[in-house]
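Below you'll find the structure I mean.
The values are calculated or read from the model by the stated rules, or taken from the named source; none is laboratory data. This one's a predicted model, so the numbers in the text were calculated from it and none came from an experiment. Glycine gets a Cβ as well: all are built from the backbone with ideal geometry, and neighbour counts include every protein chain shown. Side chains are part of the model used for accessible areas, which takes the heavy atoms of the whole protein and leaves out ligands, DNA and RNA. Shrake-Rupley method; radii C 1.70, N 1.55, O 1.52, S 1.80 Å.
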Amino acid sequence: MEPVRGFFADNALLSHGWSRDVLFTVDGSGMVSSITADAERGDAERLGGVVVPGMANLHSHAFQRAMAGLAEQRGDSADSFWTWRRTLYGFLDRLTPDDVEVIAALVCCEMLEAGFTTLGEFHYLHHDPAGRPYDDIGEVAGRIVAAAAATGIGLTLLPVFYAHGGFGGAPPADGQRRFVNDPDGFARLVESAGRHLESLPGARIGIAPHSLRAATVGEIERILPLAGGGPVHIHVAEQTREVEDCLSWCGRRPVEYLLDSLPVDGRWCAIHATHMTVAETGALARSGAVAGLCPETEANLGDGLFDGPRYLAEGGRFGIGSDSHIHIGLAEELRLLEYGQRLSSRGRNILCAPGAGTGESLFRAAVSGGARALGQPVDGLQAGQRADFVVLDETHPSLSGRPVERIIDSWIFAGDRSCVRDVHVAGRRVVADGHHVARDRIRSDYVRVMAGILG
Ligand code: ZN
């Protein structure tokens, strides 16, 4: 085990707010063992800049990064999520496990450079292009683990249970054959994925029934014990058509049906939860579940707007994810979350309390919600949490001269990943001066793989 190391920050955002001259120690397993403000530096490593906690990216389908930008031409008919999904299904027939590993490594690298330190991979590309399980049913899950290990990002793997093509147990479509398992096959998959994760320190596993379209309530009840106390993620109420289909099938809306039928609590993460009534919004907030918001993907797919003000007023928790990876940006996800509300309500500074900074409020809430949703000890810089932190470049034009209380607002609304100087995961520096330590190799592997897929 490595010895305890010390780090010193001139300014750091701690759980109770900004502190100066912060000395913290990191033990051999990468956890913060002590943290003191107004301290002497001693022989600790000086981080400089401004130090903020690492953020979890709670919703990702890594392989989709490779098709970002390929579904942006208008088709003959009204374009929608469903035409995007057709492009996706045509594309993923070409991907091998090697390809997935290379694409996932790029995603992890880009996330780290943006300031995300933990990946929640909602992993559903399980089988070969003909729909046959690989010899190891967790083959592709193992490739996600390998990509995380190669880049140093924290990982919560969420193997997806996918069985049907629509509500009420409708048979899956041909394009879904790489995703489909029955509950017994899924149990083998979770077991295999768990074995792959044993090699990755700090990794967690949960489960992800894909949606109420792709899994019946009976099947979800059957697979829930496989979560073993870990997180449970599900896509819900992303699209108005999903709401209409759910209503015509069972007379209830998706979030209503989910909360009525399953034991949703603080272990659960409701991905998107875009289309909710006032009653559903309050009920989801009170359930303790985290809403997994993916503003850039939701905008790209034309999903709709989450009712943030009402949900936050009800005490709801949320985190953010980059989902389809149409773009990977921490600042941009939080900015768009707020801008959607500004555009619809014709006001400013909507998603924060009076007197607070909007960017910083959203950042702190998403750090906390992301940690909870992924079951990871990454809820801010404090003793007992993993030493995941980001050093912002205080000389960046968008940050320079700001008081620390305005730094995160400036990053979120006026900056981007170029404000991120260094990123540490479990005390280990994986991004230095804005570049992931293995960026060149990861990018050249990616360029080679893309030439093969699209060439
Ligand atoms: Zn998704």
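Please find the FRET efficiency linking S34 to D265, where r is the Cβ-Cβ separation and R0 is fixed at 45 Å, and quote it to the nearest 0.05.
Numbers: r = 32 Å, r/R0 = 0.72.
Calculated transfer efficiency: 0.90.
Antiparallel as a % of all DSSP beta bridges within the range 131-279, to the nearest 5?
Approximately 10 percent, going by the DSSP bridge assignments.
Could you state the accessible area per residue of the chain in Å², with a 1.4 Å probe and every protein chain left in place?
38 Å²
Rounded to the nearest 5, what % of the DSSP beta bridges within the chain are antiparallel ones?
Bridges in the chain that DSSP calls antiparallel: roughly 45 percent.
Moving on. Among I350, I234, what's the order by accessible area (1.4 angstrom probe), most exposed first?
Result of the area sort, largest leading: I350, I234.
Mind giving me the FRET efficiency for R132 and S199? R0 is 22 Å, r the Cβ-Cβ distance, nearest 0.05 is fine.
0.30
Just to confirm the filter: which GluC sites (Glu not before Pro) across the range 171-250 are DSSP coil and have at most 11 other Cβ within 10 angstrom of their Cβ? Show your work: numbers first, answer last.
Values: sites: E191, E198, E219, E221, E238, E242, E244; in loops: E198, E238.
Sites meeting the loop and neighbour criteria: E198.
Compute the orientation-averaged projected area for the chain from the convex hull of its Cα atoms and round it to one decimal in nm². Write out the running numbers ahead of the final one.
On the way: hull surface 85.1 nm².
Projected over every direction and averaged, the Cα hull of the chain covers 21.3 nm².
What's the extension gain from Y89 to S345 if we count 0.36 nm per residue and subtract their Cα-Cα distance?
The span from Y89 to S345 would gain 88.5 nm if fully extended.
Give the Debye-formula value of log10 I(q)/I(0) at each listed q (0.19 Å⁻¹), with one equal scatterer per alpha carbon of the range 1-159, two decimals each.
-1.15
Please report the net charge: other residues with Cβ closer than 10 Å to the Cβ of S322, K and R +1, D and E -1.
That works out to -4.
Let me ask something else about it. Mean Kyte-Doolittle hydropathy of -0.5 or higher plus an axial Cα length of 18 Å or more: which whole DSSP H helices in the chain meet both?
97-114, 139-151, 183-197, 330-345, 358-374, 439-454
Counting only C-alpha contacts under 8 Å and six or more residues apart, can you give the relative contact order of the range 61-374 as a whole percent? Could the numbers behind the result be given before it?
Details: 566 pairs, mean separation 47.7, N = 314.
Reported relative contact order: 15 percent.
Rounded to the nearest percent, how much of the accessible area of the chain (1.4 Å probe, protein heavy atoms only) is carbon and sulfur? Walk me through the intermediate numbers first.
Values: 8400 of 17120 Å².
About 49 percent, which is the carbon plus sulfur part of the accessible surface.
Could you tell me how many cubic angstrom of Cα convex hull volume the range 178-244 has per residue?
So the per-residue hull volume is 108 Å³.
So, one more: What does the accessible area of R406 come to, in Å² to the nearest 10, when a probe of 1.4 Å is used?
Rounded to the nearest 10, the figure is 100 Å².
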